[in-house]
Amino acid sequence: MRKLGLGKKGLETQIQEEAQQLVEFFSNTKGQPFDPAIPVINSVCNIICAAAFGYRFPTDSKDFLELIEAVRVSLKFGGSVCHGLYEVFPHIMKYLPGPHQTVISACERIISFAKKQVKLHKEHQNLHEPQDFIDFYLFQIEKSKDHPNSTYNEDNLIHYIFDLFIAGTDTTSSSLKWALLLMANHPDVQDKVHKEIKEVLGSSHSICYQDRKKVPYTNAVIHEILRSKYILLFGVPRQCVKDVYLGDFLIPKGAILTPDLRSVLFDPEHWESPEEFNPNHFLDKEGNFVPNDAFLPFGAGAHVCLGELLAKIGFFIMFTSLLKEFRFQPPEGEKKLSEKSIVGLGVHCLPYKICAVPRINSS
């Protein structure tokens, strides 16, 4: 993923195009209440397509719509009672009827979709100028073919792509839905973000990831969204590769460790008001952006989240593009959107409707 160069103009341009597609969809709602979930998920899924396959799909593409539906079915199953039973008794459950059979079929469709893309890349393989994740991985397979212990193979490639869609779509789309909800509930924060974007980046400026350094308040708001509405219950489990002593406590080789990232993201020793949405957590008295070592939504160390940079680029460009053009507010008659959570494999917001009101003088 590092070699892919997620900050390069190619992928960034495609993310900008995807953000513009989302802006146009929101614009077509004419300020009327709508559920942002489907268009947000579609856009995030297309960003992953751009990273993995090198291009985005038209939103009316039959293949893309089938992929989206398969991802949606798979994500909905996660965290359910049936999912828990399947994880504990997979050899029994696979013979029994139930919703897990529908999910197995959906997962097979995602894998089939990935296989088709890998086949197309192999037919038009360019090892000297790889453009996307599949290109780079196929190059690595070729490079490692004489290494007997190499784990680079097509089967692993297919499952990496599957993981990118399942993990990447759910996390980024959920964070964006929380972001819009929080902006509607905090109009003062929203207005400050819009003002900074317009004054610093201008109306015609094509927003890029490097712009985050020019808009400290917006950057602080984004970080606080990811902290205060952390969308996982805990970090990704890891396996200890050798005996390790933590103080006098032995963590033996082979032990499975689950990092409790929430304990850090909501630690009162590191955050002034950990349970509240407060962008000042990332600002000094002069309004400059200040990083915090306790900000670990993507984990830390050598095994930090694989898609961290992709998620950060996509979230920043899409969030700022939307806040530049619209003022988000609850439907008429609602003072505030509910911030109650639905807890499954992740921590999601309740379904909601929102109004995207075009800003005056927006381009």
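The values are calculated or read from the model by the stated rules, or taken from the named source; none is laboratory data. Computed from a prediction, not measured in an experiment: that's the story for all the values here. Backbone-built Cβ (ideal geometry, glycine too); neighbour counts: all protein chains shown. Ligands, DNA and RNA are stripped out before the accessible areas are found, and what is left, the full protein with its side chains, is counted by its heavy atoms. Shrake-Rupley method; radii C 1.70, N 1.55, O 1.52, S 1.80 Å.
Would you mind stating whether Gly254 is within 18 Å of Val347 (Cβ to Cβ), of a type in the set (Gly, Ala, Ser) and open to solvent by less than 90 Å² (accessible area, probe 1.4 Å)?
Criteria not met by Gly254.
May I ask you to verify whether His186 is open to solvent by 40 Å² or more (accessible area, probe 1.4 Å) and under 24 Å from the mean Cα position of the chain (by Cα)?
Judged against the criteria, His186 is a match.
Given the structure, is Phe328 over 27 Å from Ile41 (Cβ atoms), touching a residue at least 12 places away in the same chain (Cβ under 8 Å) and not polar (S, T, N, Q)?
Answer is no for this residue.
Can you spot a residue in the range 228-251 that is among the basic types (Lys, Arg), in a loop (DSSP other than H, G, I, E, B) and open to solvent by less than 90 Å² (accessible area, probe 1.4 Å)?
Within the range 228-251, one or more residues are among the basic types (Lys, Arg), in a loop (DSSP other than H, G, I, E, B) and open to solvent by less than 90 Å² (accessible area, probe 1.4 Å).
If I filter the range 106-153 down to residues being small (Gly, Ala, Ser) and modelled with pLDDT of 90 or more, which single residue comes out as nearest to Leu164 (Cα to Cα)?
For the range 106-153, the residue satisfying everything is Ala114.
Does Gly254 satisfy the condition of being on the phi > 0 side of the Ramachandran plot, touching a residue at least 60 places away in the same chain (Cβ under 8 Å) and part of a loop (DSSP other than H, G, I, E, B)?
No, not satisfied.
So which of Phe315, Phe298, Phe328, Phe319 ends up being part of a strand (DSSP E or B) and either open to solvent by less than 40 Å² (accessible area, probe 1.4 Å) or in contact with a helix residue (DSSP H, G or I) (Cβ under 8 Å, 6 or more places away or on another chain) (or both)?
Phe328
Can you run down the residue pairs with Cβ atoms below 7 Å, 6 or more apart or on separate chains, where the first is in the range 63-86 and on the phi > 0 side of the Ramachandran plot and the partner is at pLDDT below 90?
Gly79/Gly344; Gly79/Leu345
Against the condition in contact with a strand residue (DSSP E or B) (Cβ under 6 Å, 6 or more places away or on another chain) and in contact (Cβ under 8 Å) with a residue 12 or more places away in the chain, how does Leu232 come out, does it pass?
It is true that Leu232 is in contact with a strand residue (DSSP E or B) (Cβ under 6 Å, 6 or more places away or on another chain) and in contact (Cβ under 8 Å) with a residue 12 or more places away in the chain.
Looking at Asn292 and the list (1) open to solvent by less than 60 Å² (accessible area, probe 1.4 Å); (2) touching a helix residue (DSSP H, G or I) at 6+ places or on another chain (Cβ under 6 Å), which single condition is not satisfied?
Of the numbered conditions (1) open to solvent by less than 60 Å² (accessible area, probe 1.4 Å); (2) touching a helix residue (DSSP H, G or I) at 6+ places or on another chain (Cβ under 6 Å), the odd one out for Asn292 is (2).
Here is a list of conditions, (1) open to solvent by 60 Å² or more (accessible area, probe 1.4 Å); (2) in contact with a strand residue (DSSP E or B) (Cβ under 8 Å, 6 or more places away or on another chain); (3) within 23 Å of Lys198 (Cα to Cα), and Lys285 meets all of them except one; can you say which number that is?
In the conditions (1) open to solvent by 60 Å² or more (accessible area, probe 1.4 Å); (2) in contact with a strand residue (DSSP E or B) (Cβ under 8 Å, 6 or more places away or on another chain); (3) within 23 Å of Lys198 (Cα to Cα), Lys285 misses (2) alone.
Take Leu265 and tell me if it is free of Cβ contacts under 8 Å to residues at least 40 places away in the same chain and under 18 Å from Ser341 (Cα atoms).
yes
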